[in-house]
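Some notes on the structure that comes next.
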Amino acid sequence: DSLMAVNFFNDNNIQVEKDHHYYENIGKYDHFYAGWEDNDSLYVVVKELGGENIAMSPHKKGYRETWNDSNDNYRVASFALSALVANHFASIMDVLILSKLSNNKITNLTAKTYFSPINPYGVGGIKLSFNWN
């Protein structure tokens with residue numbers, strides 16, 4: 001059976017694109033379960049939210065744990081990047097304010113926020129404007 005599948009893919013020049021969706025789907029959906037090497041070690045896990053039954057095996061469980069760890073690391077990296085951008089913005093504001101205080105060469109320094117209903121704090125952006133003498 002597996003030889004027939006390989007021949008079908010080769011004869012018809014079918015290529016599987018192994019992108020983000022591919023790797024997400026093979027760990028998430030049970031219709032890919034037959035392709036797992038340990039599909040004879042099936043056990044059922046009941047999902048906490050919704051009570052859905054999920055087919056699970058030791059390899060699939062390990063894959064899902066690796067996938068979840070990867071998502072957690074992505075969230076940490078996204079937060080770190082946001083903190084870095086916020087730090088750069090704070091540094092720019094610090095330089096501008098200190099420059100204004102020390103030599104009065106900056107006039108009309110203003111910062112305004114833009115409202116955004118989809119962001120948790122309502123801030124969609126910041127507009128910074130100033131004039132140099």
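Considered as a group, the residues in the stretch 45-86 that are of a type in the set (S, T, N, Q) and part of a helix (DSSP H, G or I) include one that is nearest to ALA111 (Cα to Cα), and that residue is SER82.
Among the residues of the stretch 18-58, those identified as of a type in the set (S, T, N, Q) and closer than 21 Å to SER70 by Cα are ASN25, SER57. Number of residues in the stretch 24-70 that are within 21 Å of SER2 (Cα to Cα), of a type in the set (Asp, Glu) and in contact with a strand residue (DSSP E or B) (Cβ under 9 Å, 6 or more places away or on another chain): the value is 1.
Against the conditions (1) among the hydrophobic types (A, V, I, L, M, F, W, C); (2) part of a loop (DSSP other than H, G, I, E, B); (3) closer than 30 Å to LEU128 by Cα, PHE89 satisfies every one except (2). Considering only residues that are aliphatic (A, V, I, L, M) and without any contact (Cβ under 8 Å) to a residue 24 or more places away in the chain, look in the stretch 46-73 and name the one that is farthest from ALA34 (Cα to Cα). Per the stated criteria, the residue is LEU49. Per the listing LEU42, LEU49, the residue uniquely at pLDDT 80 or above and touching a helix residue (DSSP H, G or I) at 6+ places or on another chain (Cβ under 9 Å) is LEU42. Taking every residue in the stretch 30-44 that is in a helix (DSSP H, G or I) and pairing it with any residue that is surrounded by 13 or more Cβ atoms within 10 Å (Cβ to Cβ) and of a type in the set (Gly, Ala, Ser), at least 6 positions away or on another chain, the pairs with Cβ-Cβ distances below 7 Å are ASP30/ALA55; TYR33/ALA55; ASN39/SER57; SER41/SER57. Of all residues in the stretch 109-120, those being over 28 Å from SER99 (Cβ atoms) and either among the hydrophobic types (A, V, I, L, M, F, W, C) or exposed (fewer than 11 other Cβ atoms within 10 Å of the Cβ) (or both) number 4.
The values are calculated or read from the model by the stated rules, or taken from the named source; none is laboratory data. Since this is a predicted model, take the numbers as computed values, not measurements. When we count neighbours, we look across all protein chains shown, and the Cβ atoms used for this are built from the backbone with ideal geometry, even at glycine.
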